[in-house]
1. Suppose we keep only residues that are of a type outside the set (Gly, Ala, Ser) and assigned to a loop (DSSP other than H, G, I, E, B) within the stretch 206-220. Which one would you say is surrounded by the most Cβ atoms within 10 Å (Cβ to Cβ)?
2. Which of (1) within 19 Å of Phe22 (Cβ to Cβ); (2) in contact (Cβ under 8 Å) with a residue 60 or more places away in the chain; (3) assigned to a loop (DSSP other than H, G, I, E, B) is the odd one out, the single condition Phe104 does not satisfy?
3. Which one of the conditions (1) within 29 Å of Asp657 (Cα to Cα); (2) among the aliphatic types (A, V, I, L, M); (3) at pLDDT 95 or above does Ile259 fail to meet, given that it meets all the rest?
4. Of the residues Glu257, Glu274, only one is crowded, with 16+ Cβ neighbours inside 10 Å, touching a helix residue (DSSP H, G or I) at 6+ places or on another chain (Cβ under 6 Å) and not assigned by TED's automatic domain parsing to the domain that holds Ser382; which?
5. Quick one: which residue in Ser317, Ser289 is within 20 Å of the chain's Cα centre (by Cα) and touching a residue at least 60 places away in the same chain (Cβ under 8 Å)?
6. Based on this model, can you work out whether Val64 counts as surrounded by 24 or more Cβ atoms within 10 Å (Cβ to Cβ) and in contact with a strand residue (DSSP E or B) (Cβ under 8 Å, 6 or more places away or on another chain)?
7. Restricting to helices (runs of 4 or more DSSP H) lying wholly in the stretch 557-671: which have 2 or more residues that are in contact with a helix residue (DSSP H, G or I) (Cβ under 7 Å, 6 or more places away or on another chain) and within 30 Å of Tyr716 (Cβ to Cβ)?
8. Which one is nearest to the chain's Cα centre (by Cα), of the residues in the stretch 246-284 that are of a type in the set (Ser, Thr, Tyr) and either farther than 23 Å from Leu225 by Cα or not in a loop (DSSP other than H, G, I, E, B) (or both)?
Amino acid sequence: MIFEGQSISCTLHDSGIAEMCFDNKNESVNKFDRNTLDEWKQVINLLKDRDDVKGVMATSAKPVFIVGADITEFNELFASSREQLVDWLVQANEIFTGFEDLPFPTAAAIDGIAFGGGLEMCLTCDMRVGTPKAQVGLPESKLGLVPGFGGSVRLARVIGPDNAFEWLATGKGYKPEVALKLGALDAIVPSDKLKQATEQMLLDAAEGKIDWTSRRSEKKGTLKLNRTEAAMSFMTSKGYIAAQAGPHYPAPLKGIEIIEKSAYLPLEEAIKVEHEAFADMAQTEQASSLIQLFLNDQVLKKKAKIASKVADKAVKSATVLGAGIMGGGIAYQSASRGVPAIMKDINQGALDLGMKEAIKLFGKGVQYKKITTEQMAQGIASIKPTLSYEEIKHTDIVVEAVVENPKVKEAVLSEVESMMPEDAIICSNTSTISINRLAKSLKRPDKFCGMHFFNPVHKMPLVEVIRGENTSDETVASVVAYASAMGKSPVVVNDCPGFFVNRVLFPYFGGFTKLLRDGCDYQQTDKVMHKKFGWPMGPAYLLDVVGMDTGKHAAEVMAEGFPDRMSKDEKDAIDVMFEHGRYGQKTGSGFYVYGVDKRGKPTKEADQKTYEILQQVCSEAKEFSDEEIIARTMLPMIIETIRCLDEGIIDSPAEGDMALIYGLGFPPFRGGVFKYVDDRGMQNIVDLAKKYSHLGKAYEPTESMLQMANDNQKFYA
């Protein structure tokens, strides 16, 4: 044994090949944390002067290689000064280059994920061998960062700059076949042959059968590029990446700039360029938000994992009550993840529509090569459409998705309960109707909760699991586990009008309609909230997508539940659009007019008729600044979101922010409402709310906001 630590061990094989094995004894996966880096440095110092070592093989004792850097630990560094951050990067990179400079060949044996720092470690090696389970990539751009351990500049020298541009910009993980073709891997072998093959490759290199020294020299030199062709390539790539990423996500473009600036520098100098770029990105608001988003997502995953362990009901079969587009989408989502689904309706046409939707979604999976035709056939076969209740007598869970009418739902839920096993769970896919009200129609309210899917089901990650006052913890755990097994991100919320997501969305719409009332142009509002704030679409367009009929109904539910701040004394833009039958996309006209062009592509255009209709409820047009538009639309949402935390509707800022991002498309680079408030400072938000207090109680800061402002507190420590 050469070295034995908490994260790394190193042994010398009889062949003369040293095996450096990553195996963090305190974690389920390997990460680059301070301790791992320190132990790696010790191993390098022990190896570099030994005469009995012919080569070093890097392996992992985990099902993955190395998943990346420990962002929870390194996140602290980002709050330090730029000088301190760069100094730390220099010290860390001395370890990576120290391994790269060992006086004998090195190789990585990759079985499973090697992402971020894990791939950067592999790129310091002279050779890389993977298995069919290997997956490599540099996902730093998804966190608003660029590689910091030499990954961008080494990757460009290994697979070429154009390929490196794509890897850096997308942050995707790549399968071994792609990595082999591009040169990121040198061979693919079965998992049980990985160490043997890697060791033999090192022995061949030590004996001169593989010219590892030339490989190393080429990687440590400059990029072999024609300057004229390179200039064109860099310019084209930067233009494309900038257009795809948009102005709110600078990291993808920064990765291209690193390669451009370091193209004709030796590796040692190129890494310094990367250091500066990393420091630029690490201290941006975007990186802070995207990292917090990543950590919040880990909170959801951890809760789902705990739920799967404590759930008293394993869901092995499901029933979707109510077919059509929504029912078909839910049935597809369940069946595609291995839980067979019965789809029950009273109308054959609805069943046909539901099956058509499920088949279409499975077909897209085949089209995009996510599943095989055999898997498609199996998935479709595991959905059973029926007009009879007879089929559901042995189901584990029923997801009711009938029309959004409380009396209809109550009747259906009561009827289906009498035909189910006593330990089966019933859920209602409702967006507005009180779970406590619906539970009154049931004999076993402890086995009932809400399971609110967002449309379209297959695309939207969020599922709100709504706890009623009588819902048992075991039922909640079982439904959370089921939603997670479906590939969704469940967030548990307590019952109230609109639950969480819709409750905080409609104050945003209220802020928008008040803006229109006071003379703001709906197109200007959409442009500001989409282009500048970062929403996927502005509020007018979103109302058209939701449907003015749905929006009006939900607004009435909110007004009844929270009359002090969500009721209105006069008609607004939603009311008059509804009265004129302009429901949005579903009717071909709303705020905008919808159609198709000559190629059959959907179109969206402004309509003069909209302005004529809005004259009934809006004053004469006047100018509003971008800042005022953002403040007047966002403040009611911000304040209502904080109220939900105060009232215990949501358990934590992390879950609230993830629900808004996954359910509404809140701009990820802003991190969610709570992160947005932290970044601006609660005192600034309170001052802004007071400025607009004349607009009503929806703009009134809560007591908790005033206290946090006074104490200079944040939601995220």
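1. Ranking the candidates gives Ile210 first.
2. Here Phe104 clears every test but (1).
3. Every condition holds for Ile259 apart from (1).
4. Glu274
5. Checking each option against the conditions leaves just Ser289.
6. no
7. Passing ranges, in order: 563-566, 626-646, 653-664.
8. The qualifying residue nearest to the chain's Cα centre (by Cα) is Tyr249.
The values are calculated or read from the model by the stated rules, or taken from the named source; none is laboratory data. None of these values were measured; they are calculated from a predicted model. Every residue, glycine as well, gets a Cβ built from its backbone with ideal geometry; the counts of neighbours run over all protein chains shown.
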